[in-house]
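These notes concern the structure reproduced below.
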Amino acid sequence: QVQLVESGGGLVQAGGSLRLSCTASGSIFSINRMGWYRQAPGKHELVATITSDGTTNYADSVKGRFTISRDNAKNTVYLQMNSLKPEDTNVYYCLFTRLPYNYWGQGTQVTVSS
């Protein structure tokens, strides 16, 4: 069982920045993948992921603007979101994957005003 606690969401103006944090607890193993997703129209969109060894992947819509990182000692993943756009408004959910299992957090609201 893995529990994910997210924080850092809020209301910002277009062009602003936010930093999301997600801390995992429970049955944590060193080899895993964590990331963030949001609800795109009709589907979930993986915003960014990062493996235990630091390999990252980003959705095309956020490349160059968002940066994902992690602190393995703290079991924490971060999402630095810069140059935010109104289209980024969403609930952002932390994801923890250790094959074959997936876990997700409660979500944190990000609202970007124009």
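Compute the Cα gyration tensor for the range 48-113, then decide on rounded, prolate or oblate, letting a ≥ b ≥ c be the square roots of its eigenvalues: rounded whenever a/c is under 1.5, prolate when a/b is larger than b/c in the other cases, and oblate in all that remain.
Because a/c hits 1.5 or more and a/b exceeds b/c, the range 48-113 counts as prolate.
Could you give me the ³J(HN,Hα) list for the range 106-113, computed from phi with Karplus coefficients 6.51, -1.76, 1.60 and θ = phi - 60°, whole Hz, x at Gly and Pro?
In residue order, the calculated couplings are 7, x, 10, 7, 10, 10, 10, 8 Hz.
Of all beta bridges DSSP finds with both residues in the chain, what is the antiparallel percent, to the nearest 5?
In the chain, DSSP labels about 90 percent of beta bridges as antiparallel.
At 0.36 nm per residue, minus the direct Cα-Cα distance, what do His44 and Ala14 gain on full extension? Give it in nm, one decimal, please.
8.5 nm
Please list, in chain and number order, the residues 5+ apart from Gly107 or on another chain whose amide H is under 5 Å from its amide H, with Hs placed from the backbone.
Those qualifying (amide H under 5 Å, at least 5 residues apart or on another chain) are Glu6, Cys94.
With contacts defined as alpha carbon pairs under 8 Å and 6 or more residues apart, what's the relative contact order of the range 28-114 in percent?
Reported relative contact order: 28 percent.
Looking at the range 1-93, which trypsin sites (Lys or Arg not before Pro) are in a loop (DSSP not H, G, I, E or B) and have at most 15 other Cβ atoms within 10 Å?
Those that pass, being in a loop and sparsely packed, are Lys63, Arg65.
Collect residues whose amide H, placed 1.01 Å from N in the peptide plane, falls under 5 Å from the amide H of Val47; neighbours closer than 5 in sequence don't count.
Amide H to amide H, under 5 Å and 5 or more residues apart or across chains, Val47 pairs with Trp36, Tyr37, Arg38.
Which value results for Rg/Rh of the chain when Rg is the Cα radius of gyration and Rh the Kirkwood radius based on the inverse mean 1/r?
When Rh is taken as the Kirkwood radius, the ratio is 0.95.
Solvent-accessible area per residue for the chain at a 1.4 Å probe radius, Å²?
54
Could you list the residues of the range 45-62 with an amide nitrogen less than 19 Å from a label point located 7 Å from the Cα of Thr89 in the Cα-to-C-beta direction?
Within reach of a label on Thr89, which here means backbone N under 19 Å from a point 7 Å along Cα→Cβ, the range 45-62 contributes 45, 62.
At a 1.4 Å probe, what is the % contribution of carbon and sulfur to the accessible area of the range 1-90?
Within the range 1-90, the accessible surface is 49 percent carbon and sulfur.
Hey, rough spin-label estimate for Ser27 and Gln3, points 7 angstrom out along Cα→Cβ, what's it come to in nanometres?
Going from the Ser27 label point to the Gln3 one covers 1.6 nm.
The values are calculated or read from the model by the stated rules, or taken from the named source; none is laboratory data. Just so we're clear, the structure is a prediction, and the values are computed from it rather than from any experiment. We place every Cβ from the backbone using ideal geometry, glycine too, and count neighbours over all the protein chains shown. The area values use the complete protein model at the heavy-atom level, side chains included, leaving out ligands, DNA and RNA. Shrake-Rupley method; radii C 1.70, N 1.55, O 1.52, S 1.80 Å.
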